[in-house]
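Chemist: What follows is a structure written as structure tokens; I'll ask about it next.
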Amino acid sequence: MADAPVRVLSVADLRPVSELEELELDLLLEAIHRRYGLDFRGYARASLRRRIWNQIRAERLATVTALQERVLHDVACMERLRLALSVRITAMFRDPSFYRALREQVVPRLRERASLRIWHAGCSTGEEAYSMAIVLEEEGLYERARLHATDINDALVRSARAGIFPIGLMQEYTANYLHSGARGDFSRYYTARYDRAIVKQALRRNIVFDRHDLGSDPSPGRFDLIVCRNVLIYFGAELQGRAHRLLHESLGDGGLLALGRKESLIGSPHEHDYEPLDARERLFFRRLA
């Protein structure tokens, strides 16, 4: 039997550069999932592409394929990439009007409950979880509250658990605090030591920081309030739907959900299962079953 003729590729057979890059990205994300069990395949593509290219340049490489080769054989490189792909835009009392709405509209509902379970999903380095703890402390609810703060990135979780921040940020954080309806002196919540600000143990005592992937991990329990702000905007439509189902499953009847300013329930699997509490601040409560 004669051998089949060898087909010689021509220029016309080559994929356009944009298609080739998409193929490289698909292969990189699939390789990361199979090698490390980390699933970034459902993340919003534009943001993901930008972060990956930033890391390619940081590693002094030229292509997505070169990055794939390195992360498959170098765990430290994978850790650097995972940190680059994690959402880290955060601050103490970020968006002060949200925390004012929290005090004025959410706290009265929480007072009715004998104990409180709160989940801060996508906590990054912990600033917003500690902000929540301050609000609860000043409203007399912290003793009965347990906060569960999670992030997909182990390094960020460790940083959040330590509660140590650059002292230079405290001026900005104090200003945010004062605009949030503050009831005290912000400096009493941390200890200044050289160039660092360390959150006091009294504020950390009721917070558990842990790793959790909104896209693949099961619900960590049932909660009275879930804060998931400025996380879903980095997800593609399918992954957003999966995350919304998990958040809904994790809320008890009448439970409260807080999303980011650019996030919405419109088009989500549970769009009609919530009532708005404050549409501008994206505060909702779950309808009674």
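The values are calculated or read from the model by the stated rules, or taken from the named source; none is laboratory data. These figures come from a predicted structure and were not determined experimentally. Note that each Cβ is placed from the backbone with ideal geometry, even for glycine, and that neighbours are counted across all protein chains shown. We work out accessible area using only protein heavy atoms, side chains counted, and drop any ligands, DNA or RNA first. Shrake-Rupley method; radii C 1.70, N 1.55, O 1.52, S 1.80 Å.
Chemist: Round to the nearest 10 and report in Å² the accessible area of residue 200, as given by a 1.4 Å probe over the protein chains' heavy atoms.
Modeler: Its accessible surface works out to 80 Å², give or take rounding.
Chemist: Which log10 I(q)/I(0) values does region 53-116 give at q = 0.20, 0.28 Å⁻¹ under the Debye formula, counting every alpha carbon as one identical point scatterer?
Modeler: Computed log10 I(q)/I(0) values: -0.79, -1.12.
Chemist: What is the sum of charges, Lys and Arg at +1 and Asp and Glu at -1, for the other residues whose Cβ falls under 13 Å from the Cβ of residue 90? Working shown, then result.
Modeler: Details: positive: 88, 94, 229; negative: 95, 127, 128, 151, 172.
Residues close to residue 90 contribute a combined charge of -2.
Chemist: Which one, 234, 219, 246, is farthest towards the positive end of the dipole of region 205-289 when Lys and Arg carry +1 and Asp and Glu -1 on their Cβ?
Modeler: My answer, from the dipole projection, is 234.
Chemist: Show me the helices of the chain, taken as full DSSP H stretches, that run 27 Å or more along their long axis by Cα and average -0.5 or above in Kyte-Doolittle hydropathy.
Modeler: Result, helices passing both filters: 17-36.
Chemist: I would also like to ask the following. Rounded to the nearest Å, what's the spacing between the alpha carbon centres of region 211-237 and region 169-207? Just the number, please.
Modeler: Cα centroid to Cα centroid, the span is 26 Å.
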